[in-house]
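The values are calculated or read from the model by the stated rules, or taken from the named source; none is laboratory data. Please read all numbers here as calculations on a predicted model, not as lab measurements. FYI the Cβ positions are ideal-geometry reconstructions off the backbone, even for glycines, and counts take in every protein chain you see.
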Amino acid sequence: MSRARLVITAVVVEGRAVREVARAYGCSPGWVSRLVARYREEGDPAFEPRSRRPLRSPNATPPDVLDHLVRLRKELAAAGLDAGAETIRWHLRHHHGISVSAATIHRHLRRAGLVEPEPKKRPRSSYVRFCAELPNEMWQSDFTHYPLEGGEDAEILSFLDDHARFALSVTAHRRVTGPVVLAQFRQATACHGVPASTLTDNGMVFTTRFSGGKGGRNGFEAELVRLGVHQNNSRPNHPTNCGKVERFQQTMKKWLRAQPVQPRTIAELQALLDVFVASYNDERPHRSLPGTLHARRCLPSPAKGGARRARCRPPRPGAPRRRR
């Protein structure tokens with residue numbers, strides 16, 4: 001039995017004096033009087049302590065802002081765009097002049113049932129993250145499949161700058177082959193300069209070093225040697241080694257699936273990819289560095305002069321990669 005119930009019973013039922021009850025239970029007469037008055041006014045709720053939560057909170061996020069961020073979340077998700085707390089925060093600040101912390105946005109989305117908890121998901125802090133220090137220091141590349149409207153399969157080849165997450169080249173093909181990779185790499189270097197290194201998986205279109213044959217280098221590898229580009233390959237069964245381009249492809253395919261009209265031909269798919277790349281590079285906020293656009297990260301540093309992208313020297317063989 002709670003002390004409040006004992007005190008109220010002693011005064012109201014037993015008829016004992018307030019001061020006597022206060023001395024017996026080690027509390028102040030004023031508290032006993034207020035408790036008894038509350039019981040006579042409210043009844044049984046007086047047995048439980050009142051909430052200490054303030055009636056007003058001047059720093060609380062206004063309800064109209066909370067409703068607005070929920071609508072923004074649904075609009076971004078329906079368009080196939082990223083709808084995380086950092087992205088919503090960026091849109092609120094840049095497009096609506098509203099400043100709300102990412103933690104507040106995530107907390108409200110979770111209360112609204114728009115974020116599903118994933119307790120078994122591996123935390124992001126457990127990964128060892130690396131990032132190239134400069135634009136053109138490393139390019140990541142990979143290709144993925146995407147079904148056309150008629151059921152025919154297409155393949156999308158992507159080249160991504162490791163430092164800026166800038167989409168250098170995203171092209172659609174019936175099938176990505178070694179000559180296709182070589183041709184698209186040459187077009188990308190003609191537009192953006194030659195990278196210091198590349199990072200891909202061990203697919204035959206990128207390398208033949210692990211194929212077990214004695215056919216020598218493929219066209220892509222020979223081009224890298226000719227240009228003095230250091231080639232890196234991920235470990236087998238470790239897609240997180242190429243995590244940036246893998247994540248890019250996930251974002252790209254989510255956007256494609258959200259389009260009202262699905263492509264029926266390679267040309268239509270390429271047209272959609274061109275729209276996506278323009279938005280991804282120039283409009284979409286940078287998730288790894290909140291508030292930064294991908295294209296802005298590719299601007300040259302003052303030390304590099306007039307070149308739009310800076311080329312750095314390839315890492316020494318066996319030198320450890322800088323991680324951050």
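Miscellaneous remarks
- Which listed residue, of Ala196, Ala258, is touching a Pro at 6+ places or on another chain (Cβ under 8 Å), in contact (Cβ under 8 Å) with a residue 60 or more places away in the chain and among the aliphatic types (A, V, I, L, M): Ala196
- The sole residue among Leu224, Leu182, Leu199 that is more than 25 Å from Glu133 (Cβ to Cβ) and either of a type in the set (A, V, I, L, M, F, W, C) or outside any loop (DSSP other than H, G, I, E, B) (or both) is Leu182.
- Which numbered condition Arg174 fails, given (1) closer than 30 Å to Asp64 by Cα; (2) touching a strand residue (DSSP E or B) at 6+ places or on another chain (Cβ under 8 Å); (3) among the charged types (D, E, K, R): (1)
- Pick from the range 60-112, criterion in contact with a His (Cβ under 8 Å, 6 or more places away or on another chain) and part of a helix (DSSP H, G or I), ranking: nearest to Arg284 (Cα to Cα): Leu76
- Inclusion of Asn232 among residues that are out of contact with any helix residue (DSSP H, G or I) (no Cβ under 6 Å at 6 or more places or on another chain), of a type outside the set (Phe, Trp, Tyr) and assigned to a strand (DSSP E or B) is warranted.
- Verdict on Leu182 being surrounded by fewer than 19 Cβ atoms within 10 Å (Cβ to Cβ), in the same structural domain as Lys253 (by TED's automatic domain parsing) and touching a helix residue (DSSP H, G or I) at 6+ places or on another chain (Cβ under 6 Å): yes
Conditions (1) surrounded by 10 or more Cβ atoms within 10 Å (Cβ to Cβ); (2) closer than 11 Å to Ile105 by Cα, marked per residue:
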position: Ser51; (1), (2): no, no
position: Pro54; (1), (2): no, no
position: Ala60; (1), (2): yes, no
position: Pro63; (1), (2): no, no
position: Leu66; (1), (2): yes, yes
position: Leu69; (1), (2): yes, yes
position: Leu76; (1), (2): yes, no
position: Leu81; (1), (2): yes, no
position: Thr87; (1), (2): yes, yes
